[in-house]
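The values are calculated or read from the model by the stated rules, or taken from the named source; none is laboratory data. Treat the numbers as computed from the prediction; the structure is a model and nothing was measured. Note that each Cβ is placed from the backbone with ideal geometry, even for glycine, and that neighbours are counted across all protein chains shown. In case anyone asks, the SASA skips ligands and DNA or RNA and just uses the protein heavy atoms, side chains included. Shrake-Rupley method; radii C 1.70, N 1.55, O 1.52, S 1.80 Å.
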Amino acid sequence: MSDFDSASLLDPPPFPAERVAGLADRLARLMGTSGDVLLVQAEAVVALEAVAASLGRPGFKAVNVVTSPYGVWFGRWLRRAGASVVEIRAEAARPVSARAVAAALDAHPDAKLLAVVHAESASGIRNPLEAILRLARERGIISVVDAVASLGGHVFAADKLGADIVVTGPQKALGGPAGISAVAVSKRAWAEIDRPDAPVTSTLSLVDQKRLWLDAGRGALPGTPSPLELWALEAALDRVEAEGIAQIVHRHAEAALAARDGLKALGLVAWAVPEEASHLITAFAPPPGVDATALLESLKAADPEFSFGVGAGADRLIRLNHTGRRADSVVVHAMISAIAAALRP
Ligand SMILES: *Cc1c(COP(=O)(O)O)cnc(C)c1O
């Protein structure tokens, strides 16, 4: 941080329009999709909101899995667009079961969409994505997967999983900028999005992106391209490809294992069992008798990246962030040492 010079961000050259499509193609390879990849010049929640705004409409029914505030918001955006939404709520800060998803889909055979988050950074849990998407495929309904946190943290292959719409961003496991994100859209999903009544002239409109960017030959992005974000995305993709996505996933798995082992050595237990855990963060409940707020304060003094979880059931858990560049044994060991010091009587 000490040699960071914000003035170096001034007056960047325009990002070459002919390289924008290449960025989308490189993200498509990382996502394992043969569908179209759209770039959204905003953080990933905006891309999620665009998906909901573009799919939702009166008469459209969706089954929405809620395992964190992101799922809550997605359902709200679908409803705002006029859709009817059946919510599946897992136990607080726990993954949903494929059985619960199957029951909801069976109870609502008229549902056209299943939405789910892959891995949660809010609580450190991971949903059984493969089994869940198999249920959607068996019923011929399209799926939306929030892979914002999981891409780069877990093996992810959209086509193989049968994920129709995938939202992701470079700023989590891929270690890139936070102001740009991506949406993969399969052919089947376009049939639900590209309709005469689809919202247009809106930054949330995926149909606008189709007409103004894809169908126009993928030159400059519609609107004003942000060179800072595009250059940063290109640099992030260069670094990701140089390391290799498999190695990045491996690095996150190792970091998660080191965090789990470190907590265990201190007599603490990771919130999620390994089969249900994400590799992005590890959460733990403060030991009985320890004031959670005071503990977090002293941990933050050692590393400001310590935080409470987010959402019901997670907001008193303490999170160890080992996402992106922090998926590193040195960082994890320093966090474990900080916890040991903070808990020392
Ligand atoms: C971080 C995150 C988001 C939101 O991404 P932003 O880029 O911060 O808007 C959405 N879903 C999940 C699962 C996330 O971890």
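Before moving on, here are some points about what is shown:
- Probe 1.4 Å, protein heavy atoms only - accessible area per residue of region 16-241 in square angstrom: 38 Å²
- For the chain, built as a Gaussian network whose Cα springs stay under 10 Å, the top-fluctuating residue of ALA255, ALA115, ALA294: ALA294
- Gain on full stretching of the segment that runs from ARG19 to ALA334 - 0.36 nm per residue minus C-alpha separation: 109.4 nm
- Helix 227-243 vs. the chain, principal-axis angle (Cα, 0 to 90°, nearest 10): 60 degrees
- Distance from the alpha carbon centroid of region 43-94 to that of region 129-193 works out to 14 angstrom.
- To the nearest 10, the accessible area of PHE4 is 110 Å² with a 1.4 Å probe.
- ARG316 versus ARG139: modelled label distance in nm, points set 7 Å from Cα along the beta carbon direction: 3.5 nm
- Alpha-carbon gyration tensor eigenvalues x 5, square-rooted, for the chain, Å: 33, 27, 16
- For region 244-343, the spread of Cα positions along each principal axis, largest first, Å: 43, 26, 23
- Highest-fluctuation residue, ALA93, ALA327, ALA265 considered, GNM on the chain with Cα pairs under 10 Å: ALA265
- Rounded tilt (10° steps) of 129-138 against the dominant C-alpha axis of the chain: 30 degrees
- For the chain, the longest principal axis of the C-alpha atoms and the axis of helix 245-265 are separated by about 30°.
- Portion, in percent, of the accessible area of the chain that falls on carbon or sulfur, probe 1.4 Å: 56 percent
- Charge dipole magnitude, Cβ of K and R +1, D and E -1 - the chain, Cα centre, debye nearest 20: 860 debye
- For the chain, a Gaussian network of Cα nodes joined below 10 Å ranks LEU295, LEU113, LEU233 by mean-square fluctuation, and the top entry is LEU295.
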